[in-house]
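All remarks here apply to the structure that follows.
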Amino acid sequence: MPVGIFRVCLVVITAIINHPLLFPKENGTIPENTEEIIKKMKEREEILRLEQLRLEQEIAGQEARQKALEKAAKVVEESKEEKVPWDMWTAISLVIFLLIELWRQDFQEGNWQDTGGEEDDMAVLGKAFKGVVLPDKATLASFYEKRILGTTGDMARMREMVEGFADDLLEALRSVCNRDADMEVEDCMGVGSMYENWRVRKPFVCDLIVPFAPPEPYCFRSQIWCSGDSFPPDEQGYGTIKVCRADGDAAGCICDKTKLGEDMLCLLHSQANTTRPSSQMEDLLCFKNTQYLDADQVMKWFQIAVTKAWNRISHKYEFDLCFSLLDSPGALKIKFKSGKSIAFNLTPVVQYENSDVYFISHFPRNGLAADLPSSTRWFLTFSVYERRFIHLVSKMLPANACHVSCLQILSFLHGKQCSLTGPSGLTNYHLKTVLLHLLQTRPCQDWAPEKLEARLQDMLKFLEKCLHEKKLHHFFIGNGKIPAELGFPIIFQRAEPLNLFRPFVLHRDVYRKTVDTFHEMLRNTSALINEYTVHIPHAHTNGIHKESL
């Protein structure tokens with residue numbers, strides 16, 4: 001810009017100096033050819049004028065470009081200055097939107113069950129018992145004696161009958177199986193409420209698990225979700241079972257990596273001891289083209305084997321045997337000619353290492369359970385340790401302790417309420433888990449028989465708290481306080497706690513239905529118990545536990 005102005009000024013000064021009017025007329029040195037000089041000066045003036053116009057246009061162009069550059073720089077600077085505030089406001093708006101959405105969902109969870117001003121506090125933790133009066137000791141005593149104690153004899157007779165028949169059926173199953181190719185079936189074990197003496201609602205169903213193992217020279221090698229392998233959150237509590245050779249990996253032998261020749265033989269792996277090709281792994285009930293045990297294949301094999309075994313021994317019995325439920329492959333039913341029937345579950349399982357934890361091929365479904373992620377994913381059951389823990393703690397409790405009575409009453413109330421309002425996501429296993437937690441935290445003397453009412457309230461309050469938080473931890477997984485006498489595997493004690501109520505977070509409709517049913521059960525507790533109670537004098541309460549469980 002300064003250079004351009006200087007050039008313009010120089011041209012103007014030159015033109016002024018050379019203008020003819022600046023020279024005085026008295027000058028005696030004027031050339032004789034005046035007209036020619038004037039003509040040349042005019043031409044020179046015209047050239048200078050054109051040059052001045054060109055310079056002015058060039059200067060105007062430079063100024064325009066300079067202004068455009070300055071304007072562009074200003075726009076860029078303003079955009080940079082506005083970018084951070086814009087991003088900041090965008091982030092703030094997004095955070096506010098998410099907070100509003102979370103508040104709206106929490107508000108709905110806390111208020112959807114409100115039916116009026118008197119019940120507004122039912123959704124608040126710790127207030128579930130406002131307006132709820134549990135029956136007194138005399139009423140609970142009468143209810144327990146009339147409705148629950150009378151069923152214990154029936155359970156004992158049914159267990160004896162089912163166990164005897166199951167042993168005979170499994171013995172026949174072993175005889176029809178090929179010992180060199182089929183799975184090896186072991187003796188069955190009773191688990192669940194029927195064998196823990198707290199089943200109260202009919203029909204009574206015995207749960208039996210049947211461990212099995214592969215034929216020689218194969219073995220099972222398991223992987224669980226807490227062993228360091230990557231399992232997604234929805235597969236916690238599951239594991240996989242791989243079918244391998246018992247004598248190690250045959251692929252590690254040099255005979256599989258080197259051509260030995262026709263006249264040479266590997267002394268470790270003869271022709272009769274070679275690993276089956278992958279195309280024949282299905283014979284070992286593996287998933288197609290893999291070495292992982294398939295739960296669906298196992299159940300098909302077990303159903304066929306049970307059918308063959310029954311055909312062999314059916315002539316010895318005066319009843320029929322059939323599979324009772326399509327969605328429960330191990331559900332069997334004994335049908336007598338009189339029309340009566342007895343149901344029991346016979347489910348194949350795989351032992352986890354040398355413990356009494358088992359991979360179960362089929363797990364009963366409920367309102368919370370989803371479909372298995374894959375037929376190669378096996379659920380782990382700790383039912384044997386649960387039975388042992390209850391038996392171990394019972395030895396340290398006062399005589400005729402009320403722990404089993406609490407679970408029986410709560411199970412009855414919940415089952416009765418579900419029969420009135422429909423099923424919910426709460427199961428008897430959740431109720432038993434609540435009892436196990438309280439057995440571990442409460443002193444032994446708190447379970448004396450006269451404290452039945454107080455302990456029943458503790459279970460209801462604990463359950464209400466877990467429902468409010470959507471969190472009920474599995475008793476064994478992640479629990480480092482398991483008694484050493486049980487011999488429980490340390491790997492499960494060191495694992496992260498497993499939340500049994502995690503599906504409530506994913507299925508809001510099931511959660512709402514469950515809380516509705518629970519609160520309705522609380523309101524109907526007195527009515528449900530009184531319906532099965534004969535009113536008796538208070539003095540009769542001393543007989544609440546005449547018969548030991």
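Solvent exposure of the range 411-454, expressed per residue, is 36 Å² of accessible area, with all protein chains present and a 1.4 angstrom probe.
Report the FRET efficiency, 1/(1 + (r/R0)^6), for Phe462 and Ala246, where r is their Cβ-Cβ distance and R0 is 45 Å, rounded to 0.05. List each step's numbers first, then the result.
Values: r = 46 Å, r/R0 = 1.03.
My answer for the efficiency is 0.45.
Using heavy atoms of the protein chains and a probe of 1.4 Å, the accessible area assigned to Lys137 is about 110 Å².
Given the range 395-448, report the % of alpha carbon pairs whose separation exceeds 13 Å. Percentage above 13 Å: 61. Rolled with a 1.4 Å probe across the full set of protein chains, the surface gives Ile360 an accessible area near 20 Å².
Counting Lys and Arg as +1 and Asp and Glu as -1, what is the net charge of the other residues whose Cβ lies under 11 Å from the Cβ of Leu506? Numbers along the way, then the final one.
Working: positive: Lys470, Arg502, Arg508; negative: Asp234, Asp509.
Net local charge, Leu506 excluded: +1.
Extension gain, His507-Asp136: 0.36 nm per intervening residue step, less the Cα-Cα distance, totals 129.9 nm. For the range 424-483, the C-alpha radius of gyration sits at 1.16 times the compact-globule guess of 2.2 N^0.38 Å, with N the residue count. Heavy-atom surface analysis with a 1.4 Å probe gives the range 315-468 a carbon and sulfur content of 52 percent of its accessible area.
Please give me the summed charge of the neighbours of Glu531: other residues whose Cβ is under 13 Å from its Cβ, Lys and Arg +1, Asp and Glu -1. Please report the intermediate quantities before stating the final value.
Values: positive: Lys146, Arg147, Lys416; negative: none.
Net charge around Glu531: +3.
Ligands, DNA and RNA excluded, the heavy atoms of Lys471 present near 100 Å² of accessible surface to a 1.4 Å solvent probe. A simple spin-label model places pseudo-atoms 7 Å from Cα toward Cβ; at Ile37 and Asn289 they are separated by 11.0 nm. Placing a label point 7 Å from the Cα of Glu318 along the Cα-to-Cβ direction, the residues of the range 340-363 with a backbone N closer than 15 Å are 340.
Considering only the other residues whose Cβ falls under 11 Å of the Cβ of Pro211, what net charge follows from Lys and Arg at +1 and Asp and Glu at -1?
Numbers: positive: none; negative: Glu184, Glu186, Asp187, Asp356.
Summing Lys and Arg as +1 and Asp and Glu as -1 gives -4.
Based on the Stokes-Einstein relation at 25 °C and a viscosity of 0.890 mPa s, and on the Kirkwood radius from alpha carbon pairs, the range 476-537 is assigned a translational diffusion coefficient of 158 µm²/s.
The values are calculated or read from the model by the stated rules, or taken from the named source; none is laboratory data. Source: prediction; values computed, not measured. Virtual Cβ from ideal backbone geometry, glycine too; neighbours counted across all protein chains shown. Surface accessibility is based on the protein's heavy atoms, side chains included, excluding ligands, DNA and RNA. Shrake-Rupley method; radii C 1.70, N 1.55, O 1.52, S 1.80 Å.
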